[in-house]
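Quick notes on the structure that follows.
The values are calculated or read from the model by the stated rules, or taken from the named source; none is laboratory data. Values in this document were obtained by computation on a predicted structure and should not be read as measured data. As a convention, Cβ positions derive from the backbone with ideal geometry for all residues, glycine included, and neighbour counts pool all protein chains shown. The accessibility values were calculated without ligands, DNA or RNA, using every heavy atom of the protein model including side chains. Shrake-Rupley method; radii C 1.70, N 1.55, O 1.52, S 1.80 Å.
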There are 2 protein chains.
Amino acid sequence: MLEDKNTQKTSLAELGEFGLINHITKYFKLQNPSSIKGIGDDAAVIDASEKQTLVTTDLLIEGVHFDLSYMPLKHLGYKAVMINLSDVYAMNGVAEQITVSIAVSNRFPLEAIEELYAGIQLACETYQVDLIGGDTTSSTKGMLISITAIGKAAKEDIVYRNTAKETDLIVVSGDLGAAYLGLQVLEREKQVFKVDPNNQPDLDNYTYLIERQLKPEARKDIAALLKELDIKPTSMIDISDGLSSEVMHICSQSKVGCKIYEDKLPLDPQVISTCEEFELDSTMVALSGGEDYELLFTVPIADFDKIKGNPNFSVVGHITAENQGLNLVTRAGQEIALKAQGWNALKDN
Amino acid sequence: MLEDKNTQKTSLAELGEFGLINHITKYFKLQNPSSIKGIGDDAAVIDASEKQTLVTTDLLIEGVHFDLSYMPLKHLGYKAVMINLSDVYAMNGVAEQITVSIAVSNRFPLEAIEELYAGIQLACETYQVDLIGGDTTSSTKGMLISITAIGKAAKEDIVYRNTAKETDLIVVSGDLGAAYLGLQVLEREKQVFKVDPNNQPDLDNYTYLIERQLKPEARKDIAALLKELDIKPTSMIDISDGLSSEVMHICSQSKVGCKIYEDKLPLDPQVISTCEEFELDSTMVALSGGEDYELLFTVPIADFDKIKGNPNFSVVGHITAENQGLNLVTRAGQEIALKAQGWNALKDN
């Protein structure tokens, strides 16, 4: 994984900016009728017909958000798209377009950029999203990726963060904490590799964790699953910074409180075993570990029967009155205040 | 200009990411009815009603696209918005929203970010554009700004690059080359300052050039001017990389050739005098100097009477058959092939 198998190295300066853009975008085909004009003009043109347009953007910086010593470029490209699509799905919308801007220092040959775009293309094909624009330039240090995702939804289908109601159930899709633990495993292997480059890591016990870190999938499927169950969430957000942080966004914007039950947090067996090995508290990891890209939403309590026992969803708590605050009910039945330990990009540096 | 008058320095880490976002966005108010939801959810929501949506994005990196030793942060914020709006206007659209993502190293205090956003806000107010989202993070080196602009236009009003026709006139708004010369003046002053920090530069002869470099204005007014004249361009592009480069985009996409007349290039008197002083060829500067943010468009030859003598526009040439190539007709009446010398970000590093 740490080895660069590319033997060919083509300098980006040889190609020039327009040459590079042509080269990396020629395999991208527009798939959505709403993508009227993609790359090649001053601006792309989109026709959302009668729907509303959703816009979200994220910026990823080498050394802050990703480490190329264990993040293969193809995975990075894929993940960068997922992070943005996840935000569109969290509005209950359909993502249809992305713009991708990258800056790279001259240490990256063309083949590296091709790998990155191969991941972006795979994401576009898998999620039926069109690359419609972007910018490509040089950086003085490292790589950065700025993606804007554009989606659409009928006005009445959009789900905001500020509309959770008292007594609503709090639900999460999938499980929590695995991506964070995957990162811990990869960081540990990086340190081992530094000491002994010939050491062959045995990662069999961590495959799920590493996949969640290196190749997360945005939950495009949730909207359809909820429609099948005849459920419209009262509020929704994606879990990128950890459950605690996202619950707090919903509660503060909706002016409500909440109770989250420790014993209801969905944990994969690998999360539990790896937390033991790393001597980490699995509840803390589930609450504050970032990058799960699951969805957190609230539903009316009347929908409980529709959702209980569904393997895609876990009811982790309920909304309370604002003056009751935000609380975690421990396995022992104790109530403690929920703390925001969300990943804070600005404090990391 | 080179002096930092801020005495207060607030560390960004003290505020945290969400604190910073709240702090810098609290003075931004949504102005457009199409901006349904701005900052504060997973994605922004836009309603373009029956119109088509235009999307464009640009990435600016410190040390590649701007130099903070002579570019005040407020101007940088303003210019970064202009660069993007210009692309929307070049589609004959109305810009209504932007997202702004920034990354800054810890050498920037909060007050620096406030200055940057003061410029962004001034641009938003002046051009009636809403800031609806973005991302704020740390960088390992320097500052970077990634902006996406969103606009709208009726389908029948959008002007593409690939629709210029033989015999069409080639028209530019405003004048050319001043922004490039402004940069040359500022670079020279920077070198002088390095040698003698007490030297007071006399920039009176270059005020227009420096303004064009530090505070360009996107040509929002052109769409209305053309409507008044009852002209719909057959193709349009904004001049960010120099006239030559932009004409080439129009010609290659429209599969036509062109003749550009040297004696028709619109030059400000300061451009002419400064070219003499710097021993630069003013034609080369007009053709290849970037960052003018004027509009280049083609109109049917039948519209010549509508546009001739209009102080906002210069007819600089006409479209020819593709097999005639792209040519510059010199003052001496000689035809020479037009060369692309557009600013190439990837070759600069």
Residues of the stretch A:36-81 being in contact with a strand residue (DSSP E or B) (Cβ under 8 Å, 6 or more places away or on another chain), acidic (Asp, Glu) and in contact (Cβ under 8 Å) with a residue 12 or more places away in the chain, in sequence order, are A:ASP47, A:ASP58, A:GLU62
Among the residues of the stretch B:70-82, are any open to solvent by 40 Å² or more (accessible area, probe 1.4 Å), of a type in the set (D, E, K, R), at pLDDT 95 or above and not assigned by TED's automatic domain parsing to the domain that holds B:LEU295? yes
Hey, any hits in the stretch A:119-132 for a residue that's among the hydrophobic types (A, V, I, L, M, F, W, C) and within 11 Å of chain B (Cβ to nearest Cβ)? yes
Considering only the stretch B:102-135, state which residues are of a type in the set (Val, Ile, Thr) and either surrounded by fewer than 22 Cβ atoms within 10 Å (Cβ to Cβ) or assigned to a helix (DSSP H, G or I) (or both). B:ILE113, B:ILE120, B:THR126
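If I ask for residues that are open to solvent by less than 10 Å² (accessible area, probe 1.4 Å) and touching a Leu at 6+ places or on another chain (Cβ under 9 Å), which ones from the stretch B:294-319 would you list? First the steps, then the outcome.
At the first step, the residues of the stretch B:294-319 found to be open to solvent by less than 10 Å² (accessible area, probe 1.4 Å) are B:294-299, B:307, B:316-317, B:319.
Correct list: B:GLU294, B:LEU296, B:PHE297, B:THR298, B:VAL299, B:ILE307, B:VAL316, B:GLY317, B:ILE319.
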Quick check on this structure: which one of A:ARG188, A:ARG219 is over 15 Å from A:VAL315 (Cα atoms), open to solvent by 10 Å² or more (accessible area, probe 1.4 Å), assigned by TED's automatic domain parsing to the domain that holds A:ASP292 and in contact with a helix residue (DSSP H, G or I) (Cβ under 7 Å, 6 or more places away or on another chain)? A:ARG219
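A:ALA224: open to solvent by less than 70 Å² (accessible area, probe 1.4 Å), in contact with a Ser or Thr (Cβ under 7 Å, 6 or more places away or on another chain) and among the aliphatic types (A, V, I, L, M), yes or no?
Values: open to solvent by less than 70 Å² (accessible area, probe 1.4 Å): yes; in contact with a Ser or Thr (Cβ under 7 Å, 6 or more places away or on another chain): no; among the aliphatic types (A, V, I, L, M): yes.
When the stated conditions are applied, A:ALA224 does not pass them.
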Which one is nearest to the other protein chains (Cβ to nearest Cβ), of the residues in the stretch B:138-157 that are closer than 19 Å to B:LYS51 by Cα and open to solvent by 10 Å² or more (accessible area, probe 1.4 Å)? B:LYS155
Of the conditions (1) part of a loop (DSSP other than H, G, I, E, B); (2) within 27 Å of A:VAL185 (Cβ to Cβ), A:ALA332 clears all except one; give me its number. (2)
All-but-one check, A:LYS232 against (1) part of a loop (DSSP other than H, G, I, E, B); (2) charged (D, E, K, R); (3) free of Cβ contacts under 8 Å to residues at least 60 places away in the same chain; (4) within 26 Å of A:VAL159 (Cβ to Cβ), failing number (3)
Would you mind finding the one in B:ASP196, B:ASP175, B:ASP168 that is surrounded by fewer than 21 Cβ atoms within 10 Å (Cβ to Cβ) and either more than 21 Å from the chain's Cα centre (by Cα) or of a type in the set (Phe, Trp, Tyr) (or both)? B:ASP196
Mind checking whether some residue in the stretch A:253-269 is crowded, with 21+ Cβ neighbours inside 10 Å and closer than 27 Å to B:THR137 by Cα? yes
Filter the stretch B:118-140 for residues that are more than 20 Å from the chain's Cα centre (by Cα) and free of Cβ contacts under 8 Å to residues at least 40 places away in the same chain; which is nearest to B:ILE102 (Cα to Cα)? B:ASP135
Across the stretch B:16-29, the tally of residues that are touching a residue at least 24 places away in the same chain (Cβ under 8 Å) and either facing chain A (nearest Cβ under 7 Å) or under 26 Å from A:ASP135 (Cβ atoms) (or both) stands at 6
Just a yes or no: is a residue in the stretch B:19-33 at pLDDT 85 or above and closer than 13 Å to A:LEU54 by Cα? no
What number of residues within the stretch B:41-61 are more than 7 Å from every other protein chain (Cβ to nearest Cβ) and either open to solvent by 40 Å² or more (accessible area, probe 1.4 Å) or at positive phi (or both)? 3
Looking only at the stretch B:234-244, filter to residues that are within 13 Å of chain A (Cβ to nearest Cβ) and open to solvent by 10 Å² or more (accessible area, probe 1.4 Å); which one of those is nearest to B:ILE336 (Cα to Cα)? B:ASP241
